[in-house]
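Participant: Structure incoming, see below.
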Amino acid sequence: MNICIPSKGRPNTVAYKLFEEVGLSFYHFVEPQDEKAYKEAGVPNLQVIPENEKGISYVRNFILSFARKNKMDWIWVVDDDVKGFGIAKAGKTIKGDATVLVDFYEKVKAYKFPVNGLNYCQYAWSYSMKGKRYAINKRPPEVCVLLYVPKITWEYRPDRKEDRDFTMLAIKHSDGVIVDLHAWFNCPGLGTNAGGLQHLYAQKKDTVWAEKLVKDWAPFSKLVKRKQRIDCKLDIAGYAKSLKRIVK
């Protein structure tokens, strides 16, 4: 199990230190234009992708190819601004460490679902009061995503909400996705952290991405307004049921 961290414009990233602390191996995937800055900042284990400014789908597809080339069956793809991990219990978010990723991997590896993930910290506490720990084909794995590479026969598509689109593609082409509702990660709010995709959020590109998702996945999709931005709400469970996938 390896950690793959796509990173852009953030040579001050420290997310990898969470993995160093518990002895997990990791790689940073950076653009050629950022290589010098990352090296000067001492960011370890750099893999330089071939081209600049090709988007998050490009780097994630590169990561999948990298995993196949290096015979890595299981990889975590983790955003470079993740700040912490933990477990929610009885309505409380209890801070832990990156061994949360190992524990989750041990729980789901036997099922070999291609796409798996944790929950956002701000949601995990409420789910922990409901009792149910795992969801199959109900929620999209985002930000911290565990991939079983041998079952992935599709690619990330550009100019979309990539994680959610990848969830729907996983349901279309395979058993689908598993999410641990109680195990959590913490990260900055969408578009609030310098670097990464912040410049695209400032240009309201996420509205275009949402509109594409709605078109791609109708009738299991609709546009919604969330505060100051337009988003896409997907009926993941409904789509899974329409294909006779497990939903629970």
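The values are calculated or read from the model by the stated rules, or taken from the named source; none is laboratory data. From a predicted model like this one, the values you see are computed outputs, not experimental measurements. All Cβ positions, even for glycine, are placed from backbone atoms using ideal geometry, and neighbour counts span all protein chains on display. Ligands, DNA and RNA are excluded from the accessible area calculation, which covers all protein heavy atoms including side chains. Shrake-Rupley method; radii C 1.70, N 1.55, O 1.52, S 1.80 Å.
Participant: In the range 130-186, carbon and sulfur make up what percent of the accessible area (probe 1.4 Å)?
Facilitator: Answer for the range 130-186: carbon and sulfur cover 46 percent of the accessible area.
Participant: Using a Cα-Cα cut-off of under 29 Å, which lysines could be cross-linked to residue 39, ignoring same-chain neighbours fewer than 8 residues away?
Facilitator: Cα-Cα hits under 29 Å: 8, 17, 54, 69, 71, 83.
Participant: Moving on to the next point. Taking the dipole about the Cα centre of the range 26-87, with the C-beta of Lys and Arg at +1 and of Asp and Glu at -1, give me whichever of 67, 78, 52 is farthest to the positive side.
Facilitator: Ranked along the dipole, the leading option is 67.
Participant: Counting DSSP beta bridges with both partners in the chain, what percentage is antiparallel, nearest 5?
Facilitator: 60 percent
Participant: Compare the Cα positions of 12, 232, 152 along the charge dipole of the chain (+1 at Cβ of Lys, Arg; -1 at Cβ of Asp, Glu; about the Cα centre) and return the one farthest towards the positive end.
Facilitator: 232
Participant: From Cα pairs below 8 angstrom and at least 6 apart in sequence, can you work out the relative contact order of the range 47-102, rounded to a whole percent?
Facilitator: RCO, the range 47-102: 18 percent.
Participant: Give the dimensionless ratio obtained when the Cα radius of gyration of the range 1-47 is divided by 2.2 N^0.38 Å.
Facilitator: 1.07
Participant: Compute a Gaussian network model of the chain, connecting alpha carbons closer than 10 Å, and tell me which residue from 154, 209, 76 fluctuates the most.
Facilitator: Largest GNM mean-square fluctuation: 154.
Participant: So for the chain, taking the charge dipole from beta-carbon charges (+1 Lys/Arg, -1 Asp/Glu), which of 42, 114, 136 sits furthest toward the positive end?
Facilitator: After comparing all options, I get 136.
Participant: Let me ask something additional. So what's the range 31-156 giving for Rg/Rh, alpha carbon basis, Kirkwood Rh from the mean inverse pair distance?
Facilitator: My calculation of the ratio gives 1.00.
Participant: For the pair residue 229 and residue 92, how long in nm is the line joining their label points, each one 7 Å along Cα→Cβ?
Facilitator: 3.2 nm
Participant: Another one. For the chain, what does the helix formula give at 222 nm: sum of -39500 (n - 2.57) over DSSP H segments with n ≥ 4, over the residue count, nearest 500 deg cm²/dmol?
Facilitator: Mean residue ellipticity, 222 nm, calculated: -9000 deg cm²/dmol.
Participant: Rounding to the nearest 20 debye, state how big the charge dipole of the chain is about its Cα centre with +1 on each Lys and Arg Cβ and -1 on each Asp and Glu Cβ.
Facilitator: Here the chain has a charge dipole of around 1220 debye.
Participant: Assuming R0 = 22 Å, can you tell me the calculated FRET efficiency for the pair residue 112 and residue 173, based on Cβ-Cβ distance, to the nearest 0.05?
Facilitator: 0.95
Participant: Taking the Cα centre of each part, how many Å lie between the range 116-192 and the range 42-63?
Facilitator: If we compute the Cα centre of each part, the gap is 21 Å.
Participant: Running a GNM on the chain with Cα contacts under 10 Å, which residue among 45, 137, 119 ends up with the highest mean-square fluctuation?
Facilitator: In this elastic network of the chain, the residue with the biggest mean-square fluctuation among 45, 137, 119 is 45.
Participant: Test of understanding: in a Gaussian network model of the chain with alpha carbons linked when under 10 Å, which of 11, 114, 44 would top the mean-square fluctuation ranking?
Facilitator: 44
Participant: Expressed as a rounded percentage, what relative contact order does the chain have, with Cα pairs under 8 Å and six or more residues apart?
Facilitator: Over the chain, the number comes to 20 percent.
Participant: Same structure, new question: So, with +1 on the Cβ of K and R and -1 on the Cβ of D and E, and no other charges, what is the size of the charge dipole of the range 35-90 about its Cα centre, to the nearest 20 debye?
Facilitator: For the range 35-90, the charge dipole is close to 260 debye.
Participant: Under the classification rounded if a/c is under 1.5, otherwise prolate if a/b is larger than b/c and oblate if not, where does the chain fall, given a ≥ b ≥ c as square roots of the Cα gyration tensor eigenvalues?
Facilitator: rounded
Participant: Moving on to the next point. Using the Cα centre of the range 1-136 as the reference point, and only Cβ charges (+1 on K/R, -1 on D/E), how large is the resulting charge dipole? Debye, rounded to the nearest 20.
Facilitator: That gives a dipole near 700 debye.
Participant: Okay, moving on. Quick one: accessible area per residue over the range 56-186, 1.4 Å probe, rounded to a whole number of Å²?
Facilitator: On a per-residue basis, 41 Å².
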